[in-house]
Amino acid sequence: MTTAAFEVPPGKVKAFLRLVMIEHSVFALPFAYIAALSAMFLADGRVHWGELFVVTVCMVGLRTFAMAANRIIDREIDARNPRTAGRELVTGAVSLRTAYIGSAVALIVFLGAAALLNPLCLALAPVAVVPMVVYPYGKRFTDFPHAILGLAQAAGPIGAWLAVTGTWSWDAVVLGLAVGVWIGGFDLIFGCQDVAADRAEGVRSVPARFGIPAALYGARACHAVTVGLLAWYAVLTDAGPAFWVGLAVVVGAFLYEHSIVKPGDLSRLNRAFFTTNGFVGISLFAFALVDLVLRGLTV
């Protein structure tokens, strides 16, 4: 196959980036940075910018592949849901061929970056890919696809720690679980807006199966567990006061998020999902970075 077969015009690249919502990398990236920088601090107290850059490429590449795969697999379901009927694959703004090419390029970038890190990262890379592909199919065979998404996202901090040290870390697993439970929780909230369409089309989810109130209670429980796991991670890594202040800020953000989304009023759901959850990751990373610097990390 010639290289021309893989060429994508610049306009198609922009449309593809809209398709995969590249800006939403903000949700998982900060936690990968927390893991990577914590590992660097514990290793030799210095930031290794080259490694951090490759970790970033890995994370963005894998997330881009995951989003593209999600859009490709779900394109027929999206076409029948009024909320998602305007997505690029449905309207034709992005062709199926472009989506496949973009997902393949993102996967190659991810695997190439993993190979640059260390042999263990490359060996485990397929393990990170599998749940990304399984997740879109999850809504077809389980009422709990949110758990699959959480599992997929938990790999970020674990992989970032592995990238730096080349060894397994249970501290990173705790942080990964916190991220997975957090993202699974806000996916419960996000799914509440599609209950009618999901039930009509036989798409499975907690909100569709058990109702919006149950889903929102489930999200609250998930975020309470997230706080507990983050506190556990702080203890395991001997985090200082700045991290604990950041965790208090996260608790405040969760309380706000759950105060503005109610079973009978989903009008502020997007604010809860996009704005508040974006703030959670960025704010905790900022406080974690300050904490590491105060403890001696050389930036």
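The values are calculated or read from the model by the stated rules, or taken from the named source; none is laboratory data. What you see is a predicted model, and the numbers here were worked out from it, not measured in a lab. All Cβ positions, glycine included, derive from the backbone under ideal geometry; neighbour counts span all protein chains shown.
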If I filter region 63-85 for residues that are out of contact with any Gly (no Cβ under 9 Å at 6 or more places or on another chain) and within 25 Å of Leu37 (Cβ to Cβ), do I get at least one hit? yes
Within region 70-90, considering residues that are touching a Leu at 6+ places or on another chain (Cβ under 9 Å) and in contact (Cβ under 8 Å) with a residue 24 or more places away in the chain, the one farthest from Asp291 (Cα to Cα): Leu89
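Given the criterion within 20 Å of Val127 (Cα to Cα) and surrounded by fewer than 17 Cβ atoms within 10 Å (Cβ to Cβ), identify the matching residue among Gly86, Gly112.
Details: Gly86 fails: within 20 Å of Val127 (Cα to Cα).
Result: Gly112 is the single residue among Gly86, Gly112 that is within 20 Å of Val127 (Cα to Cα) and surrounded by fewer than 17 Cβ atoms within 10 Å (Cβ to Cβ).
Kindly establish whether Ala196 is under 24 Å from Ala43 (Cβ atoms) and either part of a helix (DSSP H, G or I) or not β-branched (Val, Ile, Thr) (or both).
It is false that Ala196 is under 24 Å from Ala43 (Cβ atoms) and either part of a helix (DSSP H, G or I) or not β-branched (Val, Ile, Thr) (or both).
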Looking at region 102-114, can you tell me whether even one residue there is hydroxyl-bearing (Ser, Thr, Tyr) and not in a helix (DSSP H, G or I)? no
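For every residue, the table says whether it meets (1) within 19 Å of the chain's Cα centre (by Cα); (2) under 20 Å from Phe274 (Cβ atoms); (3) buried (at least 21 other Cβ atoms within 10 Å of the Cβ).
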{"position": "Trp170", "(1), (2), (3)": "no, no, no"}
{"position": "Ile183", "(1), (2), (3)": "yes, yes, yes"}
{"position": "Arg209", "(1), (2), (3)": "no, no, no"}
{"position": "Tyr217", "(1), (2), (3)": "no, no, no"}
{"position": "Val225", "(1), (2), (3)": "yes, no, no"}
{"position": "Gly240", "(1), (2), (3)": "no, no, no"}
{"position": "Gly252", "(1), (2), (3)": "no, yes, no"}
Residues located in region 275-299, provided they are touching a residue at least 60 places away in the same chain (Cβ under 8 Å) and aromatic (Phe, Trp, Tyr): Phe285
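For region 70-78, does any single residue satisfy the condition of being among the acidic types (Asp, Glu), crowded, with 16+ Cβ neighbours inside 10 Å, in contact with a helix residue (DSSP H, G or I) (Cβ under 9 Å, 6 or more places away or on another chain) and not in a helix (DSSP H, G or I)?
Yes: one or more hits.
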Determine whether region 265-280 contains at least one residue that is in contact with a helix residue (DSSP H, G or I) (Cβ under 9 Å, 6 or more places away or on another chain), surrounded by 16 or more Cβ atoms within 10 Å (Cβ to Cβ) and farther than 28 Å from Pro136 by Cα. no
Counted residues in region 35-69 being within 18 Å of Leu289 (Cβ to Cβ), part of a helix (DSSP H, G or I) and of a type outside the set (Gly, Ala, Ser) come to 11
I'd like to know if region 120-128 contains one or more residues that are over 19 Å from Phe65 (Cα atoms) and assigned to a helix (DSSP H, G or I). yes
Please find, among Val47, Val54, the residue that is more than 27 Å from Val181 (Cα to Cα), touching a helix residue (DSSP H, G or I) at 6+ places or on another chain (Cβ under 8 Å), at pLDDT 95 or above and surrounded by 16 or more Cβ atoms within 10 Å (Cβ to Cβ). Val47
If you go through region 98-106 one residue at a time, do you hit one that is buried (at least 16 other Cβ atoms within 10 Å of the Cβ) and in contact with a Gly (Cβ under 9 Å, 6 or more places away or on another chain)? yes
May I ask you to list pairs of residues, at least six apart or on different chains, whose Cβ atoms are under 7 Å apart, with the first in region 26-39 being under 15 Å from Ser169 (Cα atoms) and the second being among the hydroxyl-bearing types (Ser, Thr, Tyr)? Ser38/Thr237; Ala39/Thr165
Going by the conditions given, is Ser259 in a loop (DSSP other than H, G, I, E, B), under 30 Å from Arg83 (Cα atoms) and either touching a residue at least 12 places away in the same chain (Cβ under 8 Å) or not aliphatic (A, V, I, L, M) (or both)? no
